[in-house]
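Novice: Mind looking over this structure? Questions follow.
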Amino acid sequence: MGHQAADLHLSGSRRASARVLAVTSGKGGVGKTNIAANLAICLAASNERVLLMDADVSLANLDLVMGIRNRYNISHVVQGERTMEEVIQAGPGGLRVICGASGLDKLADMTQDQQHRLLQHLSALQHETDRIVVDTAAGISSGVVGFCLAADHVLVVTTPETTAMADAYGMFKVLVRKGYQGPISVVVNMARTVAEGKRAHQRIANVARRFLGRDLYYAGTLLKDERLCEAVRARKPVVLAYPKAQISTSIATLAARLGGTDHKKNAGGSFFGRLIRWLN
């Protein structure tokens, strides 16, 4: 399906209000899903209407982190078997969650009727939401990049390890060369000290500025904390399991920083409409 048909279907969704934050990483194992989940909970606690979406269709594990039972996914909506209300799970503090969003990677391959049906559901959600937090898959596949390009703000998760930083830079480079104009920030996870996290960001940012001419913003540093591992084993988000822990305070600070940054919205209709155009 071409761009014109997708644009035609989206003509009624241009008033969508939700700002979209894509949480991504160049490689797996850096804590991306945990950050996305806990970040969304903190944003919801600040009286924002938040939708958290698992866009990792191959290794979706948001339901495990959130302690949510996942029975249906977006593919059931596409096939007309379930409503969006049956797919969405209730999370803490009014947070709404779409787990294991199987089918989103096939958006560009859907029939015209299937795209129209899904976009009607998703556009309605975007009208009712202040913020959408998208937990993408790791890596730089076309699907991952498509979600990031359609978002208003991209948060790249890395660790201070050299390979993780190289992959984070790789993601930044792909987005810039694809013409992404929104802000791209980096959060350094599993650092031993805040200073180590700042040095990791600075190393990536210096290379980005030198070779790509773009700024890579510093979102913050999250220190290693065993209580995060304990929360994962208990299938409970750390900000709820250990609200006074340093890691929880740091994530709340990160949420406040990102929530208070009202960047210019991505042009060209709804997030989901932009996503289809990028995938096409």
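Novice: Once you list every other residue whose beta carbon is under 15 Å from the beta carbon of residue 250, what net charge do they have if Lys and Arg are +1 and Asp and Glu are -1? Intermediate results must be reported in sequence, preceding the final value.
Specialist: On the way: positive: 192, 198, 224, 227, 244, 257; negative: 196, 225, 226.
Spelling it out: positives minus negatives among the neighbours equals +3.
Novice: So between residue 209 and residue 178, what do we pick up on full extension, going 0.36 nm a residue minus the alpha carbon distance?
Specialist: 9.5 nm
Novice: Calculate the FRET efficiency for residue 83 and residue 256 from the Cβ-Cβ distance with a Förster distance of 45 Å, rounded to the nearest 0.05.
Specialist: 0.85
Novice: Given 0.36 nm per residue, what is the gain on full extension from residue 109 to residue 244 after removing their alpha carbon distance, in nm?
Specialist: Additional length available on full extension: 44.0 nm.
Novice: Another question about this same structure. Arrange the following residues from fewest to most other Cβ atoms within 10 Å of their Cβ: 153, 76.
Specialist: Least crowded to most crowded, the residues run 76, 153.
Novice: Here's a follow-up. Kindly work out what percent of the DSSP beta bridges joining two residues of segment 19-262 are antiparallel, to the nearest 5. Can you show the working numbers first?
Specialist: Numbers: 2 of 30 bridges.
Expressed as a percentage, antiparallel bridges in segment 19-262 total about 5.
Novice: Before rounding to the nearest 500, sum -39500 (n - 2.57) across all DSSP H runs of length at least 4 in the chain and divide by the residue total; then give [θ] at 222 nm in deg cm²/dmol.
Specialist: Roughly -13500 deg cm²/dmol at 222 nm, from the helical runs in the chain.
Novice: Follow-up. Could you grab the relative contact order for segment 27-107? Cα pairs under 8 Å, six or more apart, rounded to a whole percent.
Specialist: The normalised contact order for segment 27-107 reaches 37 percent.
Novice: What is the chain's relative contact order, in percent, from Cα pairs under 8 angstrom and six or more apart in sequence?
Specialist: Once divided by the residue count of the chain, the mean separation gives 28 percent.
Novice: Based on other C-beta atoms within 10 Å, arrange 218, 169 from fewest to most.
Specialist: 218, 169
Novice: Now for a separate question. Measure off 7 Å from each Cα along the Cα-to-Cβ vector at residue 230 and residue 196, then give the distance between these two points in nanometres to one decimal.
Specialist: Between residue 230 and residue 196, the simple spin-label model gives 2.1 nm.
Novice: Just to confirm my numbers, what's the Cα centroid distance between segment 22-48 and segment 87-166 in Å?
Specialist: Each part reduced to its Cα centre gives a spacing of 12 Å.
Novice: When 215, 56, 167 are ordered from fewest to most other Cβ atoms inside 10 Å of their Cβ, what list results?
Specialist: Ordered from fewest to most neighbouring Cβ atoms within 10 Å, 215, 56, 167 come out as 215, 167, 56.
Novice: What shape does the chain take by its C-alpha gyration tensor, where a ≥ b ≥ c are the square roots of the eigenvalues and a/c under 1.5 counts as rounded, a/b above b/c as prolate, and the rest as oblate? Walk me through the intermediate numbers first.
Specialist: Values: a/c = 1.82, a/b = 1.27, b/c = 1.44.
Since a/c reaches 1.5 but b/c is at least a/b, the shape of the chain is classed as oblate.
Novice: What is the packing order of peptides 65-75, 30-40, 135-145, taking the mean over residues of other C-beta atoms within 10 Å and listing the highest first?
Specialist: In descending order of packing, they fall as 30-40, 135-145, 65-75.
Novice: Determine the shape class of segment 71-216: with a ≥ b ≥ c the square roots of the Cα gyration tensor eigenvalues, call it rounded for a/c under 1.5, and otherwise prolate if a/b is greater than b/c, oblate otherwise.
Specialist: Here segment 71-216 falls in the prolate category.
Read the figures in this text as sums done on the coordinates, not as results from a lab. Remember, predicted model here, so these are calculated numbers, not experimental data. Using ideal geometry, Cβ is built from the backbone for each residue, glycine included, and neighbour counts are taken over all protein chains shown.
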